[in-house]
Structures are given as C-alpha cells and as structure tokens.
Amino acid sequence: MNIPLSQINRRQFFGRTSGLSLGALGVGDLLSAGTPAGATGFHHTPKAKRIIYMFQSGGPSQMDLFDYKPQMAKMRGEELPDSVRQGQRLTGMTAKQSSLPVASSIFEFKQHGQSGAWVSELMPNLAKQADKICFIKSVYTNAINHDPGITFLQTGHEQPGRPSMGSWMSYGIGSENENLPGFIVLVSNGDYHQSQPIYSRLWGSGFLPTSHQGVRLRSSGDAVLYLQDPSGASRDRSRGILDGLSRLNQLHFDKTGNAEVNTRISQYEMAYRMQMSVPDVTDLSDEPESTFERYGEDARKPGTYAANCLLARRLAERDVRFIQLYHTGWDQHSNLPEQHGVRCQETDKGTAGLLADLEERGLLDDTLVIWGGEFGRTIYSQGRLTDTSYGRDHHPRCFTMWMAGAGVKPGMSYGQTDDFCYNVTENPVSVHDLQATILHLAGVNHEKQTFFHQGRRFRLTDVHGHVLKDILA
C-alpha cells in the first residue's frame, strides 16, 4: 500500500523496513522529527492523579473576596493616583470616565484557621477550609477582555485554535478509567446577567487528535447526546455493528495512516462503554442525606454549580483525569456587591463541600483542585460610587486564584499586591507559570510535552512558564 510519507507512522515505517540496514533505519529517526511527539507519559512521579478546575467566568473581584485591603477605606471616593495606574490602558467601558474613584470593599473580612487567611464574609463556608488552601494573590495576565482572557487560561494562547489544558493532559498521560473519558466538562445552568458565553472550543483538542477533547455532560435529557442505541436495538446487535465498523475503519487506517481513523475507532468503543458508566456516575440516588447537607440543597438540582461539584467528586472517585467546571456571571461593571453576593451564594457551599468531601474520602491527597477566573477587577469604581454599591472594570495586572490538594502547600498565601490591589509587588505569577505548575503536579514537564504542527513543536506554555516551586509541598 502506498501511504504518503507525511501520513506514515512509526509502526508502519518499521513494518515496511524490517529488511533494511541500520543506516537506513537511521534515516527513519530523521523522518520521525516530522511526526507528532511529546506523548511520552509521566516525566516524573506525579503528585496529582486527577485535577478538578473550577473556572469562574467573568472575573471575580479579588479585593472583595480574598485580597484584603483595609487601607482603602481611608481613601474611599478619592481619585486613583496616576502613580498607581502607571499609564495602564483601560477598557472602552471606563476609558472616557471623567473620574476613577477608589471603591473600598464594603464586605467584612476575618482571619480563619491556623493559617490566618483573610476571607470575605461572602465565602463563609470556604473560609472554614482555609487551612487546606494555597491562595495565589499575584496572578497576572495579558488579556483585558473576556474572550481572549478565558481562552488564554484554558489553552495557553489568547487566540482560538490551541488545545485546551485538559486535552494536553489527556494527550500526555491518558486516562485511568477505560469506561469514561479522561477529560469531562460540567457547565452550570443559568441565564446570568451580563454573563460571558462558554464555547465548546474551550475544551477542544485543537490540533491534537480529537480523542483528547473534553466531553461535556449535559444536565437534562441524555447526559451525552447520541450515546444510546436506537429504540429496539439489542446490546448484542450493537456490539456486532461496532465490531464491523471497527474492521472497516482498521482497513481504512492501514491504507491511509490517518490518525483520526484510530480516533474514530476508539470513540465508538468509548461510547459503547459509556452507555453503562455515564448513567452510573450521574445517578445520585445512592448518595446519603449527609451529602446534600454538605453540598447544599442545590446539589439535588441537575446543572447547578453545587450539583456539578458533587458530580466532580463522583468522577474523581472513578479516576477521571481532568474535570472542568464552568460557572459564569462574575462580570459586574455595576451593582457588584449584590451580584457578587448572588454568585457566592451559588458557589460557596458547593466548593467548600467538595474540598471537605475529597479530604474525608482520602482523595484530596492526590487530587489537585483549582479555583479562579480570567482576570480580576479594578479598585476604582466603574460608574457611580455609593455607600452600598459600585461597579468594577476588568483588571489583568493582578488577581487571586487558589489551589488545594495534591502537591500544594496548604494554609498559605503566595505573592502580594500593593495597597490598591492594582500592581503585583511580590512573586508575580503568569498564566504560563500556573499552567507549568499544574502540569508539573500531574507528572508532566511542560517543556518536554510537545506536538509537532505546521512546521514547529507546540506546547501548552508556548515558550514561557516556570514551575512555582515555593508552593509545592
């Protein structure tokens, strides 16, 4: 069979060159430089067997939640000094605003746990878990608008088209559960005011084989579309059809060497196995009442954030490698105190319940939990500032994310910002630094996991990123 050189894989090459000299085989090593590379498995012993990433879309306000700035109460209503802003560009929403008055947070902060972490009254349940958490207060990003900001956090690049972090994880180290995808996505239901759209490309595989893209579990109807057999079809008949399709696809692969044919075969097989595994994981009838007391009553309602946190724990128990939650609605350019209060009511108990549940079941030791949005908010008020209300614009220069669990030092804060929560003053953390650290905890060297595409090798962190060794346990 004549397979184009650009499509031939290593197995086919050696299968057709068994009689060649060692010199000829050396040519094969040169040719292999043009084939996908980097899926080498673990580069070192992983601390995290699985990752749960709870993405808060819209930009949570760091100074209203975790980065306490009591000095700002004395400057409330005063103009933000030019020396603080340092000429930073503003979005079109505040660029023409005649005044940029300082808006100190109206929420009460208290220290919690032995670590003494400052947490806002908006997160009373999470505050009880403070000693499990590493707060990273000095994250910064390049993007000042939502779509490039979210895309950057999820894929390592501001422009669409790159593989998502979960896809890189699936590609590099695979899955530990043959009956469920290695990368599963859960999106909260809700029509949130000013919420940013969540696109499926955020969990797409980009230029990686499509077998590594995330699989979204829906909250109503079939959890995964087109998973069930047609009405009247027996399981044995479906198995026979699948075997026939597999043989036909194998013949096509042997002829073309197209890796996507193998993806098609594996996805058919996965869909067959998921007919049993997905209903099992989404059926909460075996959960005791204590579970819903821990996660909150919302956990009984499919599609809520709390229900997705509970599903995340059930998926973690089944060793799904990467579990991505999306919750929108954090983009408050006005009326932030009320709307952030609503978002926290929706998420606080579920997040705290997940951390407590993972610890109680012995899963937190090898599960990495991540929480955060695409950027932070400004200390100055967008629009009218009153005693009870204010808005905040997008702020990429500093914001807070946190991690907990496998391989991360618990009960600590890393990095600092200035009194205005406007600039990083200690231990700046880029988005690529975060991604490098997440991969490291999963046993992957971010500089070595690459994929050859369009003439060069790509990686999640591009040509950037350093592991945050100071936060590693």
(message) Run the simple label-point estimate for Arg218 and Arg239 please: 7 Å along Cα→C-beta, distance reported in nm.
(response) 2.8
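Out of all DSSP beta bridges with both ends in the chain, state the antiparallel percent to the nearest 5.
On the way: 25 of 49 bridges.
Percent antiparallel among DSSP bridges in the chain is about 50.
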(request) Give the calculated FRET efficiency between Ser231 and Asp283 to the nearest 0.05, with a Förster radius of 30 Å applied to their Cβ-Cβ distance. (result) 0.90
(message) Which residue, Ser381, Asn445, Pro428, has the largest displacement toward the positive end of the dipole of region 358-473 when charges sit on each Cβ (Lys, Arg +1; Asp, Glu -1)?
(response) Asn445
(request) Hey, could you grab the Kirkwood Rh for region 406-473? Inverse mean 1/r over distinct alpha carbon pairs, Å, one decimal. (result) 13.5
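Under unit Cβ charges (Lys, Arg +1; Asp, Glu -1), what dipole magnitude, rounded to 20 debye, does the chain have relative to its Cα centre?
Working: 47 positive and 50 negative charges, 285 e Å.
About 1380 debye.
Could you please report the charge total around Gln71, scoring K, R as +1 and D, E as -1 over all other residues with beta-carbon less than 14 angstrom from its beta-carbon?
Working: positive: Lys69, Lys74, Arg76; negative: Asp67, Glu78, Asp418, Asp419.
Once positives and negatives cancel, what remains is -1.
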(request) Report, in deg cm²/dmol and to the nearest 500, the calculated mean residue ellipticity at 222 nm for the chain, where each DSSP H run with n ≥ 4 adds -39500 (n - 2.57) and the sum is divided by the residue count. (result) -9500 deg cm²/dmol
(message) Could you compute how fast region 87-182 diffuses translationally, taking Rh as the Kirkwood radius over C-alpha pairs and applying Stokes-Einstein at 4 °C with viscosity 1.567 mPa s? Give it in µm² per second.
(response) 73
(request) Normalising by the residue count of the chain, find the relative contact order in percent from Cα pairs under 8 Å and 6+ residues apart. (result) 29
(message) Charges on Cβ only, +1 for Lys and Arg, -1 for Asp and Glu, centred on the Cα centroid of the chain; of Val281, Gln454, Val467, which one is farthest towards the dipole's positive end?
(response) Gln454
(request) Return P(r) of the chain (all Cα-Cα pairs; 20 Å bins starting at 0; whole %; ordered from short to long distances). (result) 23, 52, 21, 4, 0
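Length gain on complete extension for the stretch Asn179 to Ala473, per 0.36 nm per residue less the alpha carbon to alpha carbon distance? Don't skip to the end; give the middle numbers.
Working: separation 294, 0.36 × 294 = 105.84 nm, distance 3.21 nm.
Length gained, Asn179 through Ala473: 102.6 nm.
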(request) Work from the charge dipole of the chain (Cβ charges, +1 for Lys and Arg, -1 for Asp and Glu, about the Cα centre) and give the residue of Gly116, Gln250, Met412 farthest towards its positive end. (result) Gln250
(request) Mind grabbing the base-10 log of I(q)/I(0) for region 335-385 at q = 0.18, 0.25, 0.31 Å⁻¹? Debye formula, identical points on the C-alpha positions, no solvent, two decimal places. (result) -0.75, -1.02, -1.18
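My understanding is that a pair violates if its Cα-Cα distance is over 28 Å; which of Lys110/Lys137; Lys47/Lys349; Lys74/Lys469; Lys47/Lys301; Lys69/Lys301; Lys49/Lys110 do that in this structure?
Details: Lys110/Lys137 17 Å; Lys47/Lys349 26 Å; Lys74/Lys469 37 Å; Lys47/Lys301 33 Å; Lys69/Lys301 37 Å; Lys49/Lys110 34 Å.
Going by Cα-Cα distance, Lys74/Lys469; Lys47/Lys301; Lys69/Lys301; Lys49/Lys110 fall outside the 28 Å limit.
Counting Lys and Arg as +1 and Asp and Glu as -1, what is the net charge of the other residues whose Cβ lies under 15 Å from the Cβ of Arg361?
On the way: positive: Lys49, Arg50, Lys132, Arg294, Arg313, Arg314, Arg318; negative: Asp286, Glu287, Glu317, Asp319, Asp357, Glu359, Glu360, Asp365, Asp366.
Local charge sum for Arg361: -2.
The numbers here are math on the coordinates, done by the rules we state, and not lab data. What you are looking at is a predicted structure, and each value in this text was computed from that prediction instead of being measured. Note that each Cβ is placed from the backbone with ideal geometry, even for glycine, and that neighbours are counted across all protein chains shown.
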